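The values are calculated or read from the model by the stated rules, or taken from the named source; none is laboratory data. Please read all numbers here as calculations on a predicted model, not as lab measurements. So basically every Cβ, Gly included, is an ideal-geometry build from the backbone, and we count neighbours across all protein chains shown. With ligands, DNA and RNA removed, areas are computed over all heavy atoms of the protein, side chains included. Shrake-Rupley method; radii C 1.70, N 1.55, O 1.52, S 1.80 Å.
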Amino acid sequence: MNDALGMPATVVLLGGTSDIGLAIVGRLVAAGASTVVLAGRDRAGLDAAAGRLGSAAKIVVMPYDARSDTAHASVVEGITEQVGDLDLVICAVGMLGEKDPITQDPRRATEVMHATYVGPASTLLAVAQRMRRQGHGRIVVLSSVAGERVRASNFVYGSAKAGLDGFAQGLGDALAGTGVDVLVVRPGFVRTRMTAHLEDGPFATTPEHVASATVRALERGDDLIWVPGVVRWVMAVLRHLPRALFRRVSA
């Protein structure tokens, strides 16, 4: 259950090696979270992440592959069997894909879309069902400004993030009044291992900055944040640019 300040005791990170996700979890452990589940594909990476979190919380490592549709419900069931109620679930799953999506193998593009949207959405439905039965819980979905208006340079990834963002907002609306809330986090360019091969985008930020903003949003009870906040206003302009002009400024 959450403590008197609304901070969760049990935290699940889907995408358990995510730099941003782990930064959020680290902050929550420092705030008093006592149990953490790291769920993901890379067992060695999960074990290393568990070691970095230290001994302040009980750490459980679970296998999870967002691309395995038939296993999503059983993964959530397995997590609850291990730790009981799910106070907070952070969805940090995704694949960036190739720099030039138009040359990407269609099978690879499908994998990116599946791992970034379809799989996480399916898993979050199972999470939401469990939390409704509990009568409480919070879901954090790491979206991206890449999905706010999809650019040609990363349209496969961007379209998948757009789908996940819309799904998360709709899920939050569907759960209104059930005791379960959804927070959508829209970071701009974040310096992580996934983006290490790319040049910094405008207003580049860090996993630690995103983590701080996310924990503050949880404390306030927000349902949507942009990190850094300035990208909200940048995207408000870009969203309404004529398409021909948007192609030029986003190239």
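Looking at 217, 213, just one residue is open to solvent by less than 20 Å² (accessible area, probe 1.4 Å), touching a Leu at 6+ places or on another chain (Cβ under 9 Å), modelled with pLDDT of 85 or more and not acidic (Asp, Glu), and that residue is 217. Beta carbons closer than 7 Å, at least 6 apart along the sequence or on distinct chains, pair a first residue in the range 64-86 that is within 20 Å of residue 45 (Cα to Cα) and small (Gly, Ala, Ser) with a second that is open to solvent by less than 60 Å² (accessible area, probe 1.4 Å) and part of a helix (DSSP H, G or I) for 66/115; 66/119; 66/120; 66/123. In a residue-by-residue description of the range 58-70, the property of being of a type in the set (Val, Ile, Thr) and within 20 Å of residue 95 (Cα to Cα) applies to at least one position. Name the single residue that is nearest to residue 142 (Cα to Cα) among those in the range 159-173 being open to solvent by less than 10 Å² (accessible area, probe 1.4 Å) and small (Gly, Ala, Ser). Restricting to residues being open to solvent by less than 10 Å² (accessible area, probe 1.4 Å) and small (Gly, Ala, Ser), the top hit is 168.
Out of 72, 114, one residue alone is open to solvent by less than 20 Å² (accessible area, probe 1.4 Å) and assigned to a helix (DSSP H, G or I). It is 72.
Note on the range 75-102: among residues that are in a loop (DSSP other than H, G, I, E, B) and crowded, with 20+ Cβ neighbours inside 10 Å, the one that is modelled with the lowest pLDDT is 97.
Every condition in (1) within 18 Å of the chain's Cα centre (by Cα); (2) assigned to a helix (DSSP H, G or I) is met by residue 52 except one, and the failing one is (1).
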